[in-house]
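S.K.: Here it is, the structure, as structure tokens.
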Amino acid sequence: MYNFDFVRPSTLAEAVIALAGDEAQPLAGGQTLLPSMKQRLNMPGTLVSLTGIADLKGVSGEAGASVTIGAATTHAQVAAEAGAFYPALADLAARIGDPAVRNRGTIGGSLANNDPSACYPAAVLASGATITTNKREIAADDFFDGMFATVLEEGEIITSVTFPIPQAAAYAKFLQPASRFALTGAFVARFEGGVRVAITGASEGGVFRWSDAESVLSNSFSGDALAGKLPAAEGMISDLHGSAAYRAHLCGVMTRRAVAAAG
Amino acid sequence: MSKVTITVNGREMSGEAEGRTLLVSFLREALGLTGTHVGCDTSQCGACVVHVDGKAVKSCTMLAMEAEGAEVTTVEGMADADGSLGVIQQAFQDHHGLQCGFCTPGMVMSTAALLKDNPTPSEAEIRAYLDGNICRCTGYHNIVRAVMAASGQDVSGLGVVAAE
Amino acid sequence: MPKDGGIGASPKRREDIRFLTGEGVYTDDIQLQGQCFAYFVRSTVAHGTIGTIDTAATEAMPGVLAVFTGEDFKDVGGNPAGWLINSRDGTPMREPKRPVLAHGKVRHVGDAYAAVIAETYAQAKDAAEQLAADSEIEDLPAIVDMAAAVANADNRVHDEIPDNLCFDWGWVEDNRAAVDEAIKNAPHVTTLELVNNRLVPNAMEPRASIGEYFPGTGDYKLTTTSQNPHLHRLLISAFVMGIPENKLTVVAPDVGGGFGSKIYHYGEEALVLAAAKKLKRPVRWTAERSESFLTDAHGRDHVTKIELACEEDGTFIAFRTETLANVGAYLSNFATATPTFLHGTLMAGPYKVPNVYVNLKTVFTNTAPVDAYRGAGRPEATYSLERVIDKMCRELELDPFEVRRKNFITPDMFPYTTPVGLVYDTGDYNATLDKAMEMADVDGFEDRRAESAARGKLRGMGLSTWIEACGIAPSNLVGVLGSRVGLYDAATVRVNATGNISVMTGAHSHGQGHETVFPQIVAEKLGIDPASVEIVHGDTSKIPFGMGSYGSRSLAVAGSAMNNAVDKIIAKGKKIAAHMLEASEDDITFEDGNFAVAGTDKSLSFGEVAFSAYVPHNYPLETLEPGLEETSFYDPGNFTYPAGAYLCEVEVCPETGKVDVVAFYCADDFGNVMNPLIVEGQVHGGVGQGIGQALCEQTTYDADGQLLSASYMDYAMPRADDVPFYQVDYSCNTPCTHNPLGVKGCGEAGAIGSPPAVINAVVDALNSGGFTHITHIDMPVTPSRVWTAMQAQ
Ligand SMILES: Cc1cc2nc3c(=O)[nH]c(=O)nc-3n(C[C@H](O)[C@H](O)[C@H](O)COP(=O)(O)OP(=O)(O)OC[C@H]3O[C@@H](n4cnc5c(N)ncnc54)[C@H](O)[C@@H]3O)c2cc1C
Ligand code: FES
Ligand code: FES
């Protein structure tokens, strides 16, 4: 790791100022950033820790309507506290990485990083959540911008994420056997106005909405309705853990499993 | 370099750290607590697990400066007050839950975190919880038995069919 | 019943106390005054010519103390191969030099061609990055695929080796014609092409070394992660650095697993010594896991075609194999023994097959060196045999249990000479098979299969009946086979004046619990409390010259040495007792820790005799020396032959191809068991690694020689939730006939016997689900591979 300056502000305002500095970068749980800095893939001049800002942490909501998660809320806290509002989201958080990762890693870090195999992006996109930053509100459909890319600007900090609560939802994750990220994961959310399906882990473009499945499921919310439906293998990731065709196939299996779990 | 002060195993300790100093390096090098191990550079193996403010974390994936003022517990702090093995440590010894001992500090610390939340975990819960702790020696069999035993469960029937 | 803490008991491991409290001392835990840090500059290309390395900018960087390149070591020796193998035509193998730092060419990704020493680790790493930027490496085409390597004479890993072939070996060459003939005329021949996948050992403790030099005496000290400190010292002294053996101490403190990878001497160890000498300061290096992936000797990596010729009833007539074995870019110390004498010699299995011929070509490629990894050669042999037998049973619709029974060597046939050069001493292969079947409730399998089917899963059962040769090894035999060393081991038993005991041994535990087991043996024999016996190991300045721990040899070889040294202690004790009791030596008996005059009530305790040995006030010095300390070197008369039967049940998910091992049964014959708890642990660990090989461990190089599975992000090893509880039995034992303890060794068994059991179970599951076109599937059977195989219907 290259050396850097470290600051740990206690308010968002201070963090914003610190981040305006040259080569400054936010540090949340560090569960992605620190490993990538060890590999020297990332070399910030200043790390601005968000872990000391109380306002960025916590789970609050209104039953049946929405739940808002502070950006620096750990996966463990979401797993423990979001279930009252949005069980599928809590369940997803409980299955990210391992317990020690969940005790540090945060939703904001996960979304800002937008790993193509990460779990939260699927929940955010399928739920049609809103990402709030220190500057604006961004709809999930506008937020993700391809593998490891988002529309966040330099120095922009995610402050919270608000999820509308669907009538039914579930996440099905097929583990990449080494990293335990999603080799392919499907989040299915059924709302009054229709079903949204987001797939992670599969596409070279990162998380995406599987619109064919959405229209089928909006008509008939059952796994059987999806029989024979697959997204195109073209553009799917192909690596030592699975071919593009395999990932396309898993999209179908995981979506059906999520539908079954959502009930 | 700046000074970092943490309370480790009940004792306040300070040392010098750079921004990039990881908690594990701080513990091992600045404080001389080498019980916590480093087994990888991608945050996967769990040999480095310690408790920070009561929660299991990978000390290789946390900056020392983030731990300023925190209560840290390492494997060195797991024995009973009189120096004898604590319940979890004793169960690992009784059930041969370690061979080379390198993964062991992380296993003990993860187990302690598990049992705090879930005093009598099932086999499946134990296996799932230890997902972030790799052991290359034991095939996990005796680790899982040790965790069950540490939580007061009977493990006598698990595994050995006949020993003459 | 075993005595308290004696042979056959399971006392708690004493080493656990320090490991459980954080008091273990592994190499990286040692901090020394004045230490500095080495960081290696490693090739990022698989194959390249080293041009200018401009060290100026690096040397000027903060904290930098020294820079080394291959040029600095071009006049010192190379790291040798321990076995000389001859090709079928009688020519000796090609043996390229393996330098401390690459010189002229880099030959695999991770090949170190320079090193930087600096005040801090971070400074060394920063400077190494600079040096990498200032080094010209001209890319050459990478040689990765073995078949292509042998076919392409123009592209060479080593310029002097035209076809990238180390040797072309036939075993036994004299069998060749008969085997060819037998196969030609056989009623049935089953052919199988398979890959024994390359594995990364992944001991959880990364390799680490600290070099020290003491100018006042000219002594060197190397503290390193070693399974065999004397072997390291020998290699460094006699071959690589030329440091006189008596001027070099090698210490291996607590070692966090090895599985073979810490047998070998690596260039980093020589470098820290050279740097310590130059700087007159301790120089340390600890591998990052990424370096371990690129540079620890990998395991396996065979591509094999095996043919099994048999009668229609499944009686074996012949086995014939053709194998390409990868040795990587350089010959690691045991690299040439592993695919030959630890593999070819096992190709008869536990079967009375009359004709066996093995052809093996060992190939250089631009990949990390490949050497012995837990099981070493024997897993490859077992996998080929047990897979082809399973395939044959399917083809001929024969019962796999019955086919094994029909072909087993039976107890009345021992000693049994195989057609591939081994003499099995004892065994009862039907007994372990019966036991495994009973444990696994084979009769209940169809019900379990139905239950799995009700949950949408395909259930399969797989059998493997394995044998191996370990307790490595008789020096006279291995000498004939090409070994450049002897493979005895040694123990010194020192009875201290106050009656307690220090045992110095060449074996070195890296997880096996020697500190607990060895005292059980010594204490049992002497009738004393095991707590009064201490094991001293891992330090060449304290221990006799022994060859270390690998090849399931610690107990069978070093343990036997210890047994014999204790016998010498007893004999000497009798002499002393005879003197003290004024009796004839022939009348002295030793029982339960007491020396007595037969037929009288005159006796002395062991402690009294020990004390007298060191306070020899009235010894007849012409016939009785003071002191009570004995050394024994034990060179085994034969290999030992553990064997067993493994049964595995898997469930395959037809939707995703995911395989779950749901049950695993082991019935093993390890001969006499010294400590059941530790034996069980060894089997569990071996089976865990075998399941890993079968299900998930995948070492993938791309066409450019880049290692794609170079971290735990991509190299999958079993986690706790990937494996079940294993059911282990070791009651069917037939003691080894040629070592004094009757032991056979249990360290590698699990890794040898388990992979074919898993794969046979997977093929069974898939066939039961109608995927009858799948006659074989290569390891690791990842979900994607299984699913892809199912699609091929
Ligand atoms: C062993 C292991 C297993 C894992 N398994 C999974 C898994 O199964 N599924 C999964 O989804 N993830 C997994 N992860 C990743 C984990 O969830 C990370 O916690 C997460 O991706 C990043 O969150 P973080 O808080 O640690 O962010 P950091 O690592 O601190 O930061 C990540 C990036 O986000 C930026 N950032 C952080 N917070 C903000 C903010 N509020 N606003 C703007 N930018 C910000 C940082 O500057 C950095 O670029 C795993 C990680 C590990 C180490
Ligand atoms: S050292 Fe491997 S997870 Fe921390
Ligand atoms: S005991 Fe060696 S890695 Fe777990």
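Here, each number is a calculation from the coordinates, and none is a lab measurement. Not measured: the values here are computed from a predicted model. Cβ atoms come from the backbone with ideal geometry, glycine included; neighbour counts cover every protein chain shown.
S.K.: Under a Cβ-only charge scheme (Lys and Arg +1, Asp and Glu -1), can you give me the dipole magnitude of the protein assembly as shown about the Cα centre, in debye to the nearest 20?
M.R.: Here the protein assembly as shown has a charge dipole of around 500 debye.
S.K.: Let me ask another. When the Karplus curve 6.51 cos²θ - 1.76 cosθ + 1.60 is applied with θ = phi - 60°, which whole-Hz ³J(HN,Hα) does each residue of region A:216-227 get, with x for Gly and Pro?
M.R.: Values per residue, Gly and Pro as x: 4, 6, 5, 6, 9, 7, 8, x, 4, 4, 8, 3 Hz.
S.K.: Using a Förster distance of 22 Å, how high is the FRET efficiency between C:L396 and C:T772, based on the Cβ-Cβ distance and rounded to 0.05?
M.R.: After rounding, the FRET efficiency stands at 0.90.
S.K.: Please give the FRET efficiency for C:N476 paired with C:T417, using the beta carbon to beta carbon distance and R0 = 22 Å, rounded to the nearest 0.05.
M.R.: Details: r = 17 Å, r/R0 = 0.75.
For R0 = 22 Å, the calculated efficiency reads 0.85.
S.K.: Sticking with this one: Can you give the calculated 222 nm mean residue ellipticity of chain C, where each DSSP H run of n ≥ 4 adds -39,500 (n - 2.57) and the sum is split over every residue, rounded to the nearest 500 deg cm²/dmol? Working shown, then result.
M.R.: On the way: 19 runs with 213 residues, N = 793.
So the helix-based figure for chain C works out to -8000 deg cm²/dmol.
S.K.: Working out 0.36 nm times the residue gap between A:S36 and A:E23, then minus their Cα-Cα distance, what length gain in nm do you get to one decimal? Display every interim value, and only then the final one.
M.R.: On the way: separation 13, 0.36 × 13 = 4.68 nm, distance 1.58 nm.
Here the segment from A:S36 to A:E23 would lengthen by 3.1 nm.
S.K.: Let me ask something else about it. Okay, helix-only estimate at 222 nm for chain A: each DSSP H run of n ≥ 4 adds -39500 (n - 2.57), divide by all residues, round to 500 deg cm²/dmol; what do you get?
M.R.: Working: 10 runs with 82 residues, N = 263.
Theoretical 222 nm ellipticity from helices: -8500 deg cm²/dmol.
S.K.: Filter the DSSP H helices in chain C by two things, a Kyte-Doolittle mean of at least 0.0 and an axial alpha-carbon span of 30 angstrom or more, and list the hits by number. Numbers along the way, then the final one.
M.R.: Numbers: long enough: C:560-581 (31 Å, 0.17).
Membrane-span-like by this criterion, though nothing is claimed about a membrane: C:560-581.
S.K.: Please label the shape of region A:54-164 as rounded, prolate or oblate, based on the square roots a ≥ b ≥ c of the eigenvalues of the alpha-carbon gyration tensor (a/c under 1.5 means rounded; beyond that, a/b larger than b/c means prolate, else oblate). Before the final figure, lay out the partial values.
M.R.: Values: a/c = 1.43, a/b = 1.22, b/c = 1.18.
It comes out rounded by the Cα gyration axes.
S.K.: Report the label-to-label distance for B:K3 and C:L624 in nanometres (one decimal), using points 7 Å from each Cα along the Cα→Cβ vector.
M.R.: Each label point lies 7 Å from its Cα, and together they span 6.8 nm.
S.K.: For region C:379-502, with the dipole built from +1 on Lys and Arg beta-carbon atoms and -1 on Asp and Glu ones, taken about the Cα centre, which of C:A491, C:Y416, C:W466 lies farthest toward the positive end?
M.R.: My answer, from the dipole projection, is C:A491.
S.K.: Can you list the residues, at least 5 places off or on another chain, whose amide H is less than 5 Å from the amide H of C:S332, using H built in the peptide plane?
M.R.: Distant-sequence amide H within range of C:S332: C:V370.
S.K.: At 222 nm, what helix-only mean residue ellipticity would chain B give, in deg cm²/dmol to the nearest 500, using -39500 (n - 2.57) for each DSSP H run of four or more?
M.R.: Details: 4 runs with 39 residues, N = 164.
One gets -7000 deg cm²/dmol as the mean residue ellipticity at 222 nm.
S.K.: Once you put a point 7 Å from the Cα of A:D212 and another 7 Å from the Cα of B:S156, both along the Cβ direction, what distance in nm separates them?
M.R.: According to this spin-label approximation, the distance is 5.9 nm.
S.K.: By how many nm would the segment from A:A65 to A:E153 grow when fully extended, if each residue of separation counts as 0.36 nm and the alpha-carbon distance is taken off? Don't skip to the answer; put the middle values down first.
M.R.: Values: separation 88, 0.36 × 88 = 31.68 nm, distance 2.96 nm.
My answer for the length gained is 28.7 nm.
S.K.: While we're looking at this one, here's another question. Hey, what does the equivalent ellipsoid look like for the protein assembly as shown, semi-axes from the Cα gyration tensor as sqrt of 5 times each eigenvalue, largest first, whole Å? Numbers along the way, then the final one.
M.R.: Numbers: eigenvalues 474, 277, 198 Å².
Ellipsoid semi-axes (Å, largest first): 49, 37, 31.
S.K.: Next question. Can you list the DSSP H helices in chain B whose Cα atoms extend at least 18 Å along the helix axis and whose mean Kyte-Doolittle hydropathy is 0.5 or higher?
M.R.: TM-like helix candidates: B:104-117.
S.K.: Another question, if that's okay. Once you have the Cα-Cα distance between C:T589 and C:E160, take 0.36 nm times their residue separation minus that, and quote the gain in nm to one decimal. Present the calculation step by step, with values, prior to reporting the outcome.
M.R.: Working: separation 429, 0.36 × 429 = 154.44 nm, distance 6.56 nm.
Computed gain between C:T589 and C:E160 is 147.9 nm.
S.K.: Continuing with this model, one more query. Does region C:440-503 classify as rounded, prolate or oblate by the C-alpha gyration tensor (a ≥ b ≥ c root eigenvalues; a/c under 1.5 gives rounded; else a/b over b/c gives prolate, otherwise oblate)? Each step should come with its number before you reach the end.
M.R.: Working: a/c = 5.66, a/b = 2.13, b/c = 2.66.
Note, shape of region C:440-503 comes out oblate.
S.K.: Simple spin-label model, 7 Å along Cα-to-Cβ: C:E59 to C:K542 in nm?
M.R.: A separation of 4.2 nm, rounded to one decimal place.
S.K.: OK, next. Answer rounded, prolate or oblate for chain C, using the Cα gyration tensor with square roots of eigenvalues a ≥ b ≥ c: rounded when a/c is under 1.5, else prolate when a/b is larger than b/c, else oblate. Can you show the working numbers first?
M.R.: Working: a/c = 1.76, a/b = 1.09, b/c = 1.62.
Here chain C falls in the oblate category.
S.K.: Still on this structure, I have one more. For the pairs C:K247/C:K280; C:K406/C:K744; C:K406/C:K457, flag any whose C-alpha to C-alpha distance is greater than 27 Å. Could you put the intermediate results ahead of the total?
M.R.: Working: C:K247/C:K280 15 Å; C:K406/C:K744 25 Å; C:K406/C:K457 33 Å.
Violating the 27 Å limit, Cα to Cα: C:K406/C:K457.
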